[in-house]
Amino acid sequence: MERNPFLPLLAFALLVLLSVLSFMGYLLAARRLQAPPPAEALTVLTREGPHTLRGRVARTPEAWRRGLGLREEGLEALLYLFPEATDAPFSAEGYRFPVVVAFLDGTLRVLQVKRLSPGEVYAPGTAYRGVLEVREGLLPLAPGDQVVP
């Protein structure tokens, strides 16, 4: 019986392939487990004067899907900024507490304010460039107020 000369080469190629796939899995896991950036101060200029909230600016689609009511952090606000205007509905699906959502224009001025209970979905009916999500009861928001990140 003759031994196939390509068998050791095939075994070596499989070993290299498994090593590469294992390394890629390690890189993906490390990327997913990165700590979020530290919270920062978000200032909101209201009719009653400036208010500073402990929050975070979220600029990625992943951050947009993971709202304030889903996070395990003690943040007071999240500011979502979009690269272009959208009219997508805002969902509080899976939230643990009510939030106040302010839809913002390109200059971060409040266009519309809506209080959402956990599980509610709201379509603002207008295009907006950002959203300020605040824990309910912290800040009286009204159209015309402005956010200063």
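The values are calculated or read from the model by the stated rules, or taken from the named source; none is laboratory data. Please read these numbers as outputs of a predicted model, since none were measured by experiment. Here the Cβ positions follow ideal geometry from the backbone for every residue, glycine too, while neighbour counts run over all protein chains shown. Each accessible area value is taken on the protein alone, full model and side chains, heavy atoms only, with ligands, DNA and RNA left out. Shrake-Rupley method; radii C 1.70, N 1.55, O 1.52, S 1.80 Å.
Summary of values
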{"item": "Over the chain, relative contact order from alpha-carbon pairs under 8 Å, at least 6 apart, %", "result": "23"}
{"item": "Within segment 118-136: backbone nitrogen closer than 15 Å to the S91 label point (7 Å, Cα to C-beta)", "result": "118-124"}
{"item": "By average C-beta atoms within 10 angstrom, highest first, the peptides 118-126, 86-94, 132-140", "result": "132-140, 86-94, 118-126"}
{"item": "Charge dipole (debye, nearest 20) of the chain; +1 at Cβ of Lys and Arg, -1 at Cβ of Asp and Glu", "result": "200"}
{"item": "Answer label, with volume of the Cα convex hull per residue in Å³ calculated from the coordinates and candidates (1) 159; (2) 128; (3) 113", "result": "(1)"}
{"item": "Accessible-area composition of segment 51-149, carbon plus sulfur, in percent [1.4 Å probe]", "result": "51"}
{"item": "With Cα atoms, 0 to 90° folded angle of helix 7-32 axis to the chain main axis", "result": "10"}
{"item": "Nitroxide proxy distance, nm - points 7 Å out along Cα→Cβ at L111 and A29", "result": "4.3"}
{"item": "Highest average packing first - 14-26, 99-111, Cβ atoms within 10 Å", "result": "99-111, 14-26"}
